[in-house]
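Taken together, the values in this text are just the output of simple stated rules run on the coordinates, not laboratory data. Please read these numbers as outputs of a predicted model, since none were measured by experiment. As a convention, Cβ positions derive from the backbone with ideal geometry for all residues, glycine included, and neighbour counts pool all protein chains shown.
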Amino acid sequence: MGNSSKDDSASDGDTSSGDTPPSKSSLYSEGEKVLAYHGPRLYEAKVQKAELRKKEWRYFVHYLGWNKNWDEWVGVDRLMKHTEENVLKQQALDKKQGVDKNVKSGRSAQTKPKSSTDAKVEKEDLKNNVSKGKKRKSESGVEKDNVSLEKLVKIQIPSTLRKQLVDDWEFVTQQDKLVKLPRSPTVDDILTKYLEYRAKKDGMMTDSIGEILKGIRCYFDKALPVMLLYKKERKQYHDAVVDNVSPSTVYGAEHLLRLFVKLPELLAFVNIEEETLTRLQQKVLDFLKFLQKNQSTFFLSAYDGSKVSEGKGKGKDD
């Protein structure tokens, strides 16, 4: 998670021990309030578990004021001590991302670090804006509150792909089956195939398409562990994505499609001009049609039943 390797130990926490501890002792303790990177921004979080895995400390964090579905395991490079200095850094990052949460939630206390009560209320606001959509699908663009309805990009997922999403949900949550990893083609392969398809169709390689595909890849890698996995897939994720491997080189079309359900929520917090947003919407629809056209080759027709349940029946691979 590239944005995060700041010197965590530089700012002694007001919680556990001040100096950088030897690798055998944990820098953060269970129950400690911290700041955690998620994407390019910092969020208040609480360390719920700390485990030493392969000589590295891993922390299971809960983002304060956010749905439990966002809880995840992170490395030390994703965390910072919860100090006044780091809270200011958090606010600076929010500004840099063009997301002034205070304005969105009608607050104006911007220059001073937030009290934890303020932060909780603020996170609660964001939770109402975004996380409610998690349980309900992206049509919860109907969510009013402060992310304005107009800001939510409408992404029309073709009907055969919507059916694919329902089957996907059914396989994992009802039948205890998983997508066998690594997938082929991977997300990276699919994006490359689309780029080649567009180049052939347009007679040239367009920069804008390349940029959009880079963006999709980046969103996929960041969003997968946080919002694109069902609970039953988490263990598989931790086994499959190790040593800074990009999820887009391991996962395939099944998980990539889930991203487009969440994309309206993610884009709602990005500063994009309306014209660019409309163009992006058209490009995304074109990409979804490409997925639809290649549905039989890109998607599995059955999942693997051996990983979640000790079931005998393995779903056939392809």
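Converting phi to 3J(HN,Hα) with the Karplus coefficients 6.51, -1.76 and 1.60 and the offset θ = phi - 60°, segment 241-254 yields 9, 10, 6, 6, 6, 7, x, 5, 9, 10, 8, x, 4, 4 Hz in sequence order, with x at every glycine or proline.
Distances between every pair of Cα atoms in segment 172-227, grouped in 5 Å steps from 0 to the bin holding the largest one, split as 4, 16, 19, 21, 16, 11, 8, 4, 2, 0 percent.
Of the Cα atoms belonging to segment 156-302, the radius of gyration and Dmax stand at 15.2, 45 Å. Given a Förster radius of 35 Å and the C-beta distance between Lys95 and Ser159 as r, what FRET efficiency does 1/(1 + (r/R0)^6) yield to the nearest 0.05? In this case the efficiency is close to 0.25.
Note on Lys54 and Ser246: with the Förster distance fixed at 30 Å, the Cβ-Cβ geometry gives a FRET efficiency of about 0.95. Distance between the 7 Å Cα→Cβ label points at Arg234 and Ser25: 2.9 nm.
Estimated translational diffusion coefficient (Stokes-Einstein, Kirkwood radius over Cα pairs, 20 °C, 1.002 mPa s) of segment 195-260: 162 µm² per second.
State whether segment 45-88 is rounded, prolate or oblate according to the following rule on the C-alpha gyration tensor (a ≥ b ≥ c being the square roots of its eigenvalues): a/c under 1.5 gives rounded; otherwise a/b larger than b/c gives prolate, and the remaining case gives oblate. It would help to have the intermediate numbers written out before the result.
Values: a/c = 2.73, a/b = 1.21, b/c = 2.26.
Oblate, since a/c reaches 1.5 and b/c is not below a/b.
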